[in-house]
Amino acid sequence: MSDAILCKELSACYDKGPVLWDVSLNIPEGSLAAIIGPNGAGKSTLLKACVDLIKPFSGSVSCFGKPFKKARDRIAYIPQKEMVDWEFPITVFEVVLMGRYKKLGFFKWMREADKDAANKVMKLLGIEKLKHRQISELSGGQQQRVFMARALMQDADLYLLDEPFAGIDAATEVTLIELFKDLRAKGKTIVIVHHDLQCVRNLFDYVVFLNTRLVAFGKTEDVFTKENLCKAYGKKGEILTEVVGLVNKNRAGL
């Protein structure tokens, strides 16, 4: 099995100091992987390093064995919703069509086939009735569906998603989970910055524990343990206590 992402001794810094330090890992193609850790642990930075939005201080990261510039047509990246200007005057349909730009020719002319594809993707995600709405009028769940639709229009092999479940409704969460599983079944790779630890064991094939350094990485059944949770989050906190209990229940078959 080939690697969709390969990090070798990757370190990245901002002005205030290191955010990632000496991270080495490999995420295989055709898998669903979670990046988890406390706030400020470098989770978003890892995705940004994959798509050249931040330059490594040292080390390297490649996708499908190539630097981002040579693999960019195979990669779709969705940032956190907070990074998007939701007041920009653009419709849902126009946003979704933007996902097609990489595949267009020199003149960037949209074909009827591209518009048909956008309509099909919007119908798949249940937002076809919103196509003429301004993005500023959407709810959090609707916004996430729109940007997922744009990503699907890229027909990528690797999807990098920064907190796609944040601020969404239960129906959208179910829709996205089924979509991610379907993409994986088609051989796609999905890497998600994730905070809801309760669903990690049932949803993801691989887990990346980050807290500036790589705490642990591997198959979910091997690394999603009390010990690694404590290393990543510390021994205190209500969320850790809750998740440790869930892990123990799963192991006991309850």
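The values are calculated or read from the model by the stated rules, or taken from the named source; none is laboratory data. This is a predicted model, so every value here is computed, not measured. Neighbour counts run over all protein chains shown; Cβ positions are idealised from the backbone, glycine included. Surface accessibility is based on the protein's heavy atoms, side chains included, excluding ligands, DNA and RNA. Shrake-Rupley method; radii C 1.70, N 1.55, O 1.52, S 1.80 Å.
A compact table of results
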| quantity | calculated |
| --- | --- |
| Sites SER136 and GLU227 - FRET efficiency at Förster radius 41 Å, r taken between beta-carbons, to 0.05 | 0.35 |
| Debye log10 I(q)/I(0) for the stretch 27-170, one point scatterer per Cα, at q = 0.13, 0.14, 0.15 Å⁻¹ | -0.64, -0.74, -0.85 |
| Per residue solvent-accessible surface (Å²) - the chain, probe of 1.4 Å | 51 |
| Pairs of alpha carbons in the stretch 1-103 whose separation is greater than 18 Å (percent) | 55 |
| The stretch 107-153: chymotrypsin sites (Phe, Trp or Tyr not before Pro) in DSSP loop, at most 16 other beta carbons within 10 Å | PHE107, TRP109 |
| Accessible surface of the chain [probe 1.4 Å, protein heavy atoms]: carbon and sulfur percent | 51 |
| Alpha carbon convex hull of the chain, volume per residue in cubic angstrom | 146 |
| Contour minus Cα-Cα distance for ASP196 and ASP22 (0.36 nm per residue) | 60.1 nm |
